[in-house]
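What follows is a short report on a single structure.
The values are calculated or read from the model by the stated rules, or taken from the named source; none is laboratory data. Small disclaimer: the values here were computed from a predicted structure and weren't measured. Backbone-built Cβ (ideal geometry, glycine too); neighbour counts: all protein chains shown. Accessible surface areas use protein heavy atoms only, side chains included; no ligands, DNA or RNA. Shrake-Rupley method; radii C 1.70, N 1.55, O 1.52, S 1.80 Å.
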Amino acid sequence: MAFVTEDNITDLAVKRWATAHSPRTAELMTALVRHLHAFAREVRLTEDEWAAAVDWLADTGRTCDGKRQEFILASDVLGLSTLVVQLNNRFSSGATPATVLGPFHIDGSPAAPFGSDMSDGIEGTTLFVTGRVLGLDGRPLPDVVLDVWQADADGTYEAQLPERDEARLRAKYRTRADGTYCVRTISPLGYAIPMDGPVGGLMSGTGISHYRPAHIHFLIEHPGYERLITHLFREGSEFLDTDVVFGTKDELIVPFTERPAGASPDGGTIEEPHLHAEFDFVLQPRTGGGARP
């Protein structure tokens, strides 16, 4: 029988986890054991540091609820979320690149017609986002669902407010027969990630900027195509080059152009000056599934 020593503990733990019934679980867990043990050895982890890490993980779990996922936030600021996105969304060069989901997405956003105002009276500068959803071959895609959510003009999401309105600055739009979509909202502000939890507490001891540039989230789904989770970033906004969750990409930075009162991008009229952003989303066909005819 092999008793535990500092030299053999890793091999013993790897052998035990290699007995997992699922080959993939065995692969994941044995690699995790090897890397965790290598980390502890590299930094000569102390017992107090180990205990502090365990407490931090427990506190992070207690901070999570149905509308706040502190573990996703931790993954985001460590760059893990973006790395996983990159590994799993290796789209063709012409497809719109994917970014992180972020901690504030929720299911069940209300359906919104073409050009409907998802800001619903919330103060801010009116912003129209228009464009098309296309396949890689350039064909417009009808009836595509665009799940949209964002922060307000103060940089706040509904989950951060005392009275939570799940429909606040969230909506699901669909493209028309010609692939066009039109979102009406307000211009978002760049914002700090939540700093009142364990992630913020950890970051407060660093020189890392805890801000994100102004952006709007999109989750786009259509049969026969890969799901796309992405952002549109406002050109010229602060923190584009220091995005705390490593989400900024050149292809996703778009101008929010100032427009006068008068004709509006939804085909109607508007009585005040507003902003207009234009962007065509290009979806990657699903491997083996083909494009929708």
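For the stretch 210-227, a residue qualifies if it is closer than 25 Å to M195 by Cα and either assigned to a strand (DSSP E or B) or polar (S, T, N, Q) (or both), and the qualifying residues are Y211, R212, H215, I216, H217, F218. Restricting G131, G94 to those that are assigned to a loop (DSSP other than H, G, I, E, B), open to solvent by less than 70 Å² (accessible area, probe 1.4 Å) and over 30 Å from D7 (Cβ atoms) reduces the list to G94. Within the stretch 191-209, being in a loop (DSSP other than H, G, I, E, B) and either open to solvent by less than 20 Å² (accessible area, probe 1.4 Å) or without any contact (Cβ under 8 Å) to a residue 60 or more places away in the chain (or both) holds for I193, P194, M195, D196, G197, S204, G205, T206, G207, S209.
Each residue in the stretch 42-70 was checked for being more than 26 Å from the chain's Cα centre (by Cα) and part of a loop (DSSP other than H, G, I, E, B), and 3 pass. R176 meets all of the listed conditions (1) in contact with a Ser or Thr (Cβ under 8 Å, 6 or more places away or on another chain); (2) open to solvent by 10 Å² or more (accessible area, probe 1.4 Å); (3) in a loop (DSSP other than H, G, I, E, B) but one, namely (1).
Counting only strands (runs of 3 or more DSSP E) that sit completely within the stretch 228-293, those holding 1 or more residues that are under 26 Å from S93 (Cβ atoms), among the hydrophobic types (A, V, I, L, M, F, W, C) and without any contact (Cβ under 8 Å) to a residue 24 or more places away in the chain correspond to 228-234.
Just for the stretch 136-162: of the residues that are among the acidic types (D, E) and either assigned to a loop (DSSP other than H, G, I, E, B) or closer than 14 Å to K172 by Cβ (or both), which one is most open to solvent (accessible area, probe 1.4 Å)? Only one residue tops the list, namely D154.
A residue that is touching a Ser or Thr at 6+ places or on another chain (Cβ under 9 Å), surrounded by 13 or more Cβ atoms within 10 Å (Cβ to Cβ) and among the acidic types (D, E) cannot be found anywhere in the stretch 53-68.
Restricting attention to the stretch 235-248 and to residues that are out of contact with any strand residue (DSSP E or B) (no Cβ under 7 Å at 6 or more places or on another chain) and crowded, with 17+ Cβ neighbours inside 10 Å, the residue that is farthest from L275 (Cα to Cα) turns out to be F246.
Going through (1) within 17 Å of F218 (Cβ to Cβ); (2) open to solvent by 60 Å² or more (accessible area, probe 1.4 Å); (3) at pLDDT 95 or above one by one, D107 falls short only on (3). Criterion applied to R34, R44, R62 was being on the phi > 0 side of the Ramachandran plot and out of contact with any His (no Cβ under 9 Å at 6 or more places or on another chain), and the one residue passing it is R44.
Cβ-Cβ distances below 9 Å connect the following pairs, each with a first residue in the stretch 37-63 that is of a type in the set (K, R), a second residue that is part of a helix (DSSP H, G or I) and surrounded by 11 or more Cβ atoms within 10 Å (Cβ to Cβ), and a separation of six or more residues or different chains: R41/T10; R62/E70; R62/P198.
Reported count of residues in the stretch 163-184, each being within 21 Å of T99 (Cα to Cα), touching an Asp or Glu at 6+ places or on another chain (Cβ under 7 Å) and not charged (D, E, K, R), is 1.
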